[in-house]
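To start, the structure under review is shown below, and the notes come after it.
The values are calculated or read from the model by the stated rules, or taken from the named source; none is laboratory data. Everything numeric here is computed off the predicted structure, so don't read it as measured data. Here the Cβ positions follow ideal geometry from the backbone for every residue, glycine too, while neighbour counts run over all protein chains shown. Surface areas here come from the heavy atoms of the whole protein model, side chains and all, with no ligands, DNA or RNA. Shrake-Rupley method; radii C 1.70, N 1.55, O 1.52, S 1.80 Å.
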Amino acid sequence: MQQRQNARKATATTCANCDQSLVSAENSKEKKPNRSYARTKRSNNSIIGPQWIGLVAFVIVWCVGTYQYIIHWQQEQLLLYDDHLKLQLGPLTKVWEDQVVVLQHEKDELERVASKHDIQKMHREKDTKKRDEEQADHMAKLQGQVDHLKENKEHMHTAIQHISRNVVLEKFGPGPHRVEMILAFDPAEPGEGDAHRIVLELAPLDDMPHANYWFLHQVSLNLWNGCSFHRNAGHVLQSGAAGNFMNAGNNTNKEQEFVTAGYSSILFQEYSPNFPHLPLTVGYAGRPGGPDFYISTMDNSVNHGPGGQGEYDDVGEADPCFAKVVEGEDAVWRMHGLSVKDGAYEGLVHNVAIVDMRLLK
């Protein structure tokens, strides 16, 4: 509003100046008639000159005033347009300001929630770290116990081997130890040939002292007499406390005889890389090994050696390999040619009886 008043004052001043200029021009006309008349006698041009000067002055003053009026009018229009914009933008500005307040509130709320989540995340990470540390400490303790048990296990194995070796030396001599098996084939399926005798030579005592001790005591107690070769699995011929045609297939008490004598399963899975599971070698089956043993009909050094049978708890263990066939290979291949039952186990249709097993002097 102050700007409008100032513009109006400037316009009024301009108009006043114009009026004064016009009055001065008229006065000049009134004061100079005699001079002008006198000059008309001299020349026609001297009469026209002053009139044109006044007219030009009037036009100039009029133009200046008009220009100033136009400027003033434009300024008023601008002020009116500014007021109009303010009237239009006022509500919008209020809406925008309210929206800004809402957005700021939402931002604050999000920051609060994020901060809360960050705190919760920090607590979770702290709890997780604590649990990880506790689990790591627990695992370290368990690993220490496992290492201690492994160490004790190795000491126990060494002690068992030492005792077994001394007993074998005292009771059976230094070896090499040989065991003779006499077999009987079922007349219903005698197989090819008439070979029925197998001689086993045990592994060196220093390599397999415990398995030698175990097998020699089984033989000396006549535990194998009356047992049978009952499985032809393709890669092995397995024997155990199974029935045969000589006992009408009933041998239920034979397995208990091994248990009663204390020579059912060996005390640990003894193994020596010096005596692997090559063809025609003898090993204990199962975990723990025994009393069943098998004769390998192929190279089983991988699948029956350390880590070869991963279905057991200790995948690093191996079947004990403790003897080899030195006589009677024909009897082995005679059994290998016998028919088997249907199924994955591949049991013999007609078991081969172990009539007698004894230690050769």
*Considering only 194, 137, 83, give the residue with the highest GNM mean-square fluctuation for the chain, with springs between Cα atoms whenever their separation is below 10 Å.*
83
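For the chain, what is the mean residue ellipticity at 222 nm derived from helices alone (per DSSP H run of n ≥ 4: -39500 (n - 2.57); sum divided by total residues; nearest 500 deg cm²/dmol)? Don't jump to the answer; show the numbers that get you there.
Details: 6 runs with 196 residues, N = 361.
For the chain, the value works out to -20000 deg cm²/dmol.
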_If amide hydrogens are placed 1.01 Å from N in the peptide plane, which non-local residues have theirs closer than 5 Å to the one on residue 348?_
231, 232, 341
*Antiparallel DSSP bridges in the chain: what percent, to the nearest 5?*
100 percent
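Given a cut-off of under 8 Å on Cα pairs at least six residues apart, what relative contact order in percent is computed for the stretch 223-361? Each step should come with its number before you reach the end.
Numbers: 277 pairs, mean separation 43.4, N = 139.
Relative contact order comes out at 31 percent.
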*Gyration tensor (Cα) of the stretch 222-342, equivalent ellipsoid semi-axes in angstrom*: 23, 19, 13
*Cut-off 18 Å (backbone N to label point 7 Å along Cα→Cβ of residue 167), residues of the stretch 218-241*: 218-224
*Tell me, what ³J(HN,Hα) does each residue in the stretch 211-217 have, in order and in whole Hz, if you take phi through Karplus 6.51 cos²θ - 1.76 cosθ + 1.60 with θ = phi - 60° and put x for Gly and Pro?*
4, 4, 4, 5, 5, 5, 6
*All-pairs Cα distance distribution in the chain, expressed in whole percent, bin size 20 Å*: 19, 25, 9, 8, 7, 8, 10, 10, 5, 0
*asked:* Amide H of residue 323 versus every other amide H placed in the peptide plane: which residues, excluding those fewer than 5 positions away on the same chain, fall under 5 Å?
replied: 203, 282
*Roughly how many percent of the accessible protein surface of the stretch 301-353 is carbon and sulfur, given a 1.4 Å probe and a whole-percent answer?*
48 percent
*Could you grab the relative contact order for the chain? Cα pairs under 8 Å, six or more apart, rounded to a whole percent.*
18 percent
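Using Cα pairs closer than 8 Å and at least 6 residues apart in sequence, work out the relative contact order for the stretch 256-303, in percent. Please list the in-between numbers first.
Numbers: 61 pairs, mean separation 17.3, N = 48.
Taking the mean separation of contacting Cα pairs over the length of the stretch 256-303, I get 36 percent.
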*If you line up the Cα atoms of the stretch 57-155 on their principal axes, what length do they span on each, largest first, in Å?*
133, 29, 11
*residue 242's amide H: which non-local residues (gap 5+, or another chain) put their own amide H closer than 5 Å, with H modeled 1.01 Å from N in plane and none for Pro or chain starts?*
228
_Alpha carbon Rg of the stretch 195-245, scaled by the compact-globule rule 2.2 N^0.38 Å_ = 1.32
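Just add up the charged neighbours of residue 306: K/R +1, D/E -1, any other residue whose Cβ is under 11 Å from the Cβ of residue 306. Let's see the in-between values first.
Working: positive: none; negative: 314, 317, 319.
So the environment of residue 306 carries a net charge of -3.
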_Alpha-carbon centroids, the stretch 73-116 and the stretch 262-316: separation in whole Å_ = 88 Å
